[in-house]
Amino acid sequence: MKNTALTEEHQKLGAKIVPFAGYNMPVQYEGVNLEHETVRNSLGVFDVSHMGEFVLKGENALNLIQKVCSNDASVLVDGKAQYSCMPNGKGGIIDDLIIYRLNQNHYFLVVNASNIQKDWEWISSHNDLGVEMEDVSDEYSLLAIQGPKAAAAMQTLTDVDLVNMKYYTFQLGGFAGKENVMISATGYTGSGGFEIYVKNSDAIDVWKAVLDAGKEHNIKPIGLAARDTLRLEMGFCLYGNDIDDSTSPLEAGLGWITKFTKDFIDSDFLKEQKEQGIKRKLVAFEMIDRGIPRQGYEILDEQGNKIGNVTSGTMSPSMKKAIGLGYVSKEHAAIDSTISISVRKKKLKAVTVKLPFYK
């Protein structure tokens, strides 16, 4: 297992460390619910340095991105980021990712930790355009500073105007005494904040500066368990759970990042799927009966017939109720449909709802 540049810092803070996507990662410090509420109400910082980063450069960099990604990256301008996914040529998804445009010939791609090698080989296999590619995953650390107090707390560390930074934009600037830091108004929690990309050699200094600057706002380090409950309350897909090589972006509710204004891998297939209609759909549901849905549990109709499977589920710390995502056949996907979840051989009632769970 690899360590991040901050693993020793997490150990000093008493984090519970677990293997995740090839790395030793902090899963929690003081407890999932406390950490979750900290981010929802004030401010927390995550070490997500396990994520992968690729640099694509050259006059055909955009053309390569357009070919392998479903969203239309031609609308990006310098300083703008975009959420997208890479179809796998068989109607499924290689990975979801964020694309950053530094300039018209220079892009920065952020991919999931568990897919770094797979993604690199996939993009490389389609690079017949002479695009200069570099995998810089082992050079960068990534801190996600999330919560409603993020801008106010972190403004002391930078001259970049954090308060007025628009969602999914980024700037390069000074941060915590380090130069040329990428400050991105993105996140995976639904509570606002920033993601900060720094060189590994600067990571400990920046981590300490962030914790120090956030003291008056009661900042806490947050583990991956709370990251999962936070993203699930917003209905954000997690690769390996809600999307994977067997799920199409249209089935996953990602039609909004599937743009048929250009040709890309699987565009003909997905266009046809859209015209003919999908046969199953990712739905959100809340439990009516007591019980917590978990990945893999069967979803049943009112007669007890299997209609799908749970992909993600938890007890929502913010809402104090059990929630989940799962694929069901299209005829059971309408909002307010009554379904059941098979939990330890019990048939527990649930209802499909509109995302996000947490308003």
statement: Cα pairs beyond 16 Å in region 150-263, in percent, come to 68 percent
- prompt: Looking at this model, which pairs from LYS16/LYS220; LYS67/LYS166; LYS2/LYS80; LYS80/LYS178 are more than 25 angstrom apart at the alpha-carbon?
  reply: LYS67/LYS166; LYS2/LYS80
Kirkwood estimate for region 1-90, i.e. one over the average of 1/r between Cα atoms, Å: 16.5 Å
- line: Pseudo-spin-label distance GLN11 to LEU355, built 7 Å along Cα→Cβ, given in nm, is 3.8 nm
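May I ask you to work out the translational diffusion coefficient for the chain at 10 °C, viscosity 1.306 mPa s, via Stokes-Einstein with Rh from the Kirkwood sum over Cα pairs, reported in whole µm²/s? Could the numbers behind the result be given before it?
Details: Rh = 21.2 Å.
The calculation lands on 75 µm²/s.
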task: Just subtract the alpha-carbon distance of LYS271 and TYR167 from 0.36 nm times their residue separation and send over the number in nm, one decimal.
output: 34.5 nm
Dipole magnitude of the chain, debye to nearest 20 (Cβ charges: Lys/Arg +1, Asp/Glu -1, about Cα centre): 1560 debye
- line: So the pair-distance distribution of region 112-170, from every Cα-Cα distance in 10 Å bins, comes to percents of 15, 33, 25, 23, 4
message: What whole-number distance in Å separates the alpha-carbon centres of region 205-269 and region 310-348?
response: 20 Å
statement: With the charge dipole of the chain built from beta-carbon charges (+1 for Lys and Arg, -1 for Asp and Glu) about the Cα centre, the Cα from HIS126, GLY52, GLY22 projecting farthest to the positive end belongs to GLY22
query: If a helix is a whole DSSP H run, which ones in the chain reach 18 Å or further along their own axis (Cα) and hold a mean Kyte-Doolittle hydropathy of at least -0.5?
result: 200-213
field: Spherically averaged projected area of region 235-353 from its Cα convex hull (nm²)
entry: 7.8 nm²
query: Using a basic spin-label model with each label point 7 Å from the Cα along Cα→Cβ, how many nm lie between VAL18 and LYS345?
result: 2.7 nm
- line: Here the FRET efficiency for LYS80 versus LYS208, based on Cβ atoms and R0 = 35 Å and rounded to 0.05, is 0.70
- line: Semi-axes a, b, c in Å (a largest) for region 52-135, each sqrt of 5 times a Cα gyration tensor eigenvalue, come to 18, 14, 12
- prompt: With each label point set 7 Å from Cα along the Cα-Cβ vector, what nm distance links ASN200 and GLU302?
  reply: 5.8 nm
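Read-outs throughout are calculated quantities, based only on the coordinates presented, and are distinct from any laboratory measurement. Keep in mind that this is a model prediction, so the values were computed, not measured. Glycine also receives a Cβ, built like all others from the backbone with ideal geometry; neighbour counts cover every protein chain displayed.
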